[in-house]
Amino acid sequence: MKARKVVDNVYWLGAIDWDRRLFDSLVPLPDGTSYNAYLIQGSAKTVLLDTVDPLMADILLFQLANIPHLDYVIAHHAEQDHAGAIPQVLEKYPGAQVLATPKGKGMLIDHLRIPAHRVTEVNDGETLKLGDKTLEFIHTPWVHWPETMSTYLQEDKILFSCDFFGSHLATTDLYVADKGRVYEAAKRYYAEIMMPFRGIVQKNLEKVKSRELALIAPSHGPIYAEPTFILEAYTDWVSAAPKNSVVLPYVSMHGSTRKMVEYLVSALAERGVAVHQFDLAVTDIGKLAIALVDAATLVIGTSTVHVGPHPLVFYAAHLANALRPKLKFASIIGSYGWSSKTIEQIAGLIPNLKVEILSPVLCKGFPQQDDFDALEKLAATIADKHKENQLI
Ligand code: FEO
């Protein structure tokens with residue numbers, strides 16, 4: 001892909017990674033991703049904002065072939081998918097200086113072994129004149145590492161936000177065209193890496209919203225020509241109030257737990273509660289993370305393996321605990337063969353979730369009428385709790 005003009009003297013550079021299916025050896029990428037860099041040519045200075053994943057450095061260097069001089073490389077974030085090609089860029093431009101937050105400088109040195117003398121720290125609110133264009137650095141920590149920042153191009157009112165507002169989406173669309181697709185990809189991205197820092201994301205959101213924004217140009221996915229689209233979405237996701245929904249990840253080995261899940265899902269649906277059901281043996285964990293963004297209640301369904309939860313449930317519970325969603329309630333359902341310590345073990349896995357535990361329902365073998373009655377009661381309790389909290 002060649003460089004593409006965004007506005008006069010501002011260009012999209014970067015690489016579209018159509019075939020990548022996993023990030024951090026953890027996060028599924030069903031739609032690939034992109035690594036967006038941007039070039040700003042002021043009347044006096046030329047700046048590159050971020051680079052690309054080092055595996056695609058050749059694409060960026062090809063796009064820079066006709067750029068004879070670079071004054072600065074702005075490193076919004078030290079993670080390799082944006083900073084990983086900085087060493088090659090610095091080699092091409094021996095006079096260029098990297099600009100980063102103080103924490104970013106340390107991380108660029110630690111992770112990429114960039115020489116300290118090639119990196120200059122920039123403060124929150126500091127500006128840099130490029131001649132006819134002015135950059136303002138806005139520290140936006142924890143979106144999603146401690147060193148992250150954004151850059152605001154004052155004259156063109158463009159916010160370069162790096163991971164913040166990004167979406168893992170490989171597309172030839174320079175700007176958002178399919179809003180539904182981008183919304184889901186951006187929500188998935190928020191859920192997977194931003195949600196644990198919801199409080200500080202909210203503060204960063206207010207901070208960037210105080211600027212007049214014509215465009216938001218993230219480092220993954222298309223540019224937002226209607227910034228309110230993604231700003232409103234983030235405002236909803238970071239808000240304190242969950243929605244009237246239940247997330248129900250489960251594993252069933254011989255059908256007993258699945259029968260309980262089916263019963264509970266039906267009983268909740270009859271009461272007007274939305275349920276997101278995930279068979280952990282086959283689910284995309286990104287979909288589970290998306291559902292956790294809004295849910296008020298988590299119900300974990302598990303078979304019993306060696307008197308404890310199924311290993312996939314350990315994984316899902318650990319993930320939910322790490323993502324710190326705004327859940328208010330949790331419960332456990334499942335089946336066991338002869339004995340079980342499932343409840344104690346799952347409870348020990350989710351200390352970060354500040355939830356009220358609703359009476360679990362565990363049954364021996366295949367569920368019977370008493371078990372279905374207990375599930376009916378659990379559904380009624382969840383629906384009542386949601387109503388008491390005025391969840392919509
Ligand atoms: Fe897109 Fe945190 O790197």
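Heavy atoms only, probe 1.4 angstrom, no DNA, RNA or ligands counted: give me SER161, SER339, SER25, SER359 ranked by accessible area, highest first. Please report the intermediate quantities before stating the final value.
On the way: SER161 0, SER339 50, SER25 110, SER359 90 Å².
These residues rank, largest area first, as SER25, SER359, SER339, SER161.
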Kindly rank 207-213, 112-118 from highest to lowest mean number of other beta carbons found within 10 Å of each residue.
207-213, 112-118
What is the spin-label model distance, in nm, from GLU232 to ILE392 if the labels are put 7 Å beyond Cα along the C-beta direction?
1.4
About the Cα centre of the chain, what is the dipole size in debye to 20, counting +1 per Lys and Arg Cβ and -1 per Asp and Glu Cβ, all else neutral?
360
Electrostatic dipole magnitude of segment 102-174 [Cβ: Lys, Arg +1; Asp, Glu -1; Cα centre; debye, to 20]
260
The percentage of the accessible area of segment 215-313 (probe 1.4 Å, all protein chains present) made up of carbon and sulfur atoms, to the nearest whole number, is 57
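How much accessible area per residue does the chain have, in Å², with a 1.4 Å probe? If you can, show how the numbers build up before the last one.
Working: 16040 Å² over 392 residues.
Solvent-accessible surface per residue comes out at 41 Å².
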Heads up, I need the accessible area for LEU362: 1.4 angstrom probe, whole protein in place, Å², nearest 10.
50
For the chain, with a Gaussian network of springs between Cα atoms less than 10 Å apart, report the residue from LEU55, LEU298, LEU153 with the top mean-square fluctuation.
LEU55
Among PRO351, PRO68, PRO311, residue whose mean-square fluctuation peaks in a GNM of the chain (springs only between Cα atoms under 10 Å)
PRO68
For the full complex of protein chains and a 1.4 angstrom probe, list LYS2, LYS326, LYS364 by accessible area with the highest value first.
LYS2, LYS364, LYS326
For segment 1-132, taking Cα atoms only, what is the radius of gyration to one decimal and the Dmax to the nearest whole Å?
14.7, 43
Decide, for segment 330-374, between rounded, prolate and oblate: order the square roots of the alpha carbon gyration tensor eigenvalues as a ≥ b ≥ c, take rounded if a/c falls under 1.5, and otherwise choose prolate if a/b is larger than b/c, else oblate.
oblate
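Per the Kirkwood treatment, what hydrodynamic radius in Å, one decimal, follows for segment 201-251 from the mean inverse distance over all distinct Cα pairs?
Numbers: mean 1/r = 0.0765 Å⁻¹.
In segment 201-251 this quantity evaluates to 13.1 Å.
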Compute, for LYS243, the solvent-accessible surface of its heavy atoms (probe 1.4 Å) with the complete set of protein chains present, and express it in square angstrom to the nearest 10.
70
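Compare LYS385, LYS129 by solvent-accessible area with a 1.4 Å probe and give them largest first, with all protein chains kept in place. Display every interim value, and only then the final one.
Numbers: LYS385 45, LYS129 130 Å².
Descending accessible area places them as LYS129, LYS385.
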How fast does segment 143-220 diffuse by Stokes-Einstein, in µm²/s, taking the Kirkwood radius from C-alpha pairs at 10 °C and 1.306 mPa s?
121
I'd like the orientation of helix 285-294 relative to the chain: the angle between its Cα long axis and the longest Cα principal axis, in ° from 0 to 90, rounded to 10.
80
When DSSP beta bridges are limited to those with both residues in segment 182-338, what percentage is antiparallel, rounded to the nearest 5?
15
In the chain, with Lys and Arg counted as +1 and Asp and Glu as -1 at Cβ, which of these residues, ILE158, LEU375, LEU49, has the Cα nearest the positive end of the dipole, that is, farthest along it?
LEU375
So how exposed is HIS318, as accessible area in Å² (1.4 Å probe, rounded to 10)?
120
Given q = 0.18, 0.20, 0.22 Å⁻¹, what are the Debye log10 I(q)/I(0) values for segment 1-53, with equal point scatterers placed on the Cα positions and solvent ignored?
-0.64, -0.73, -0.80
The farthest towards the positive end of the charge dipole of the chain, of the residues LEU169, ASN244, PHE137, given +1 on Cβ of Lys and Arg and -1 on Cβ of Asp and Glu, is ASN244
With springs connecting C-alpha atoms under 10 Å apart, model the chain as a Gaussian network and identify which of ILE357, ILE86, ILE138 has the largest mean-square fluctuation.
ILE357
Mind checking the angle between helix 256-270 and the chain's longest principal axis? C-alpha axes, 0 to 90 degrees, to the nearest 10.
80
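Any idea what the dipole of segment 71-193 comes to, in debye rounded to 20, about its Cα centre with Lys/Arg Cβ at +1 and Asp/Glu Cβ at -1? If you can, show how the numbers build up before the last one.
Values: 12 positive and 18 negative charges, 23 e Å.
Charge dipole, segment 71-193, about its Cα centre: 120 debye, nearest 20.
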What three numbers, in Å, describe the spread of the alpha carbons of segment 295-392 along their principal axes, ordered from the longest?
40, 33, 16
Once Lys and Arg get +1 and Asp and Glu get -1 on their Cβ, which of LEU358, GLY334, GLY199 lies farthest toward the positive end of the dipole of the chain?
LEU358
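If you wrap a convex hull around the C-alpha atoms of the chain and split its volume per residue, what is the figure in Å³? Mind showing how you got there, number by number?
Details: hull volume 52.7 nm³, N = 392.
Hull volume normalised by residue count: 135 Å³.
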Expressed as a whole percentage, what fraction of the accessible surface of segment 1-80 belongs to carbon and sulfur atoms when a 1.4 Å probe is rolled over the protein heavy atoms?
53
For the chain, the longest principal axis of the Cα atoms and the Cα long axis of helix 179-189 enclose an angle in degrees, to the nearest 10, of 80
Please report the antiparallel percentage of DSSP beta bridges with both residues in the chain, rounded to the nearest 5.
45
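The values are calculated or read from the model by the stated rules, or taken from the named source; none is laboratory data. Note that the structure is predicted; figures quoted are calculated from it, not measured. Glycine gets a Cβ as well: all are built from the backbone with ideal geometry, and neighbour counts include every protein chain shown. The accessibility values were calculated without ligands, DNA or RNA, using every heavy atom of the protein model including side chains. Shrake-Rupley method; radii C 1.70, N 1.55, O 1.52, S 1.80 Å.
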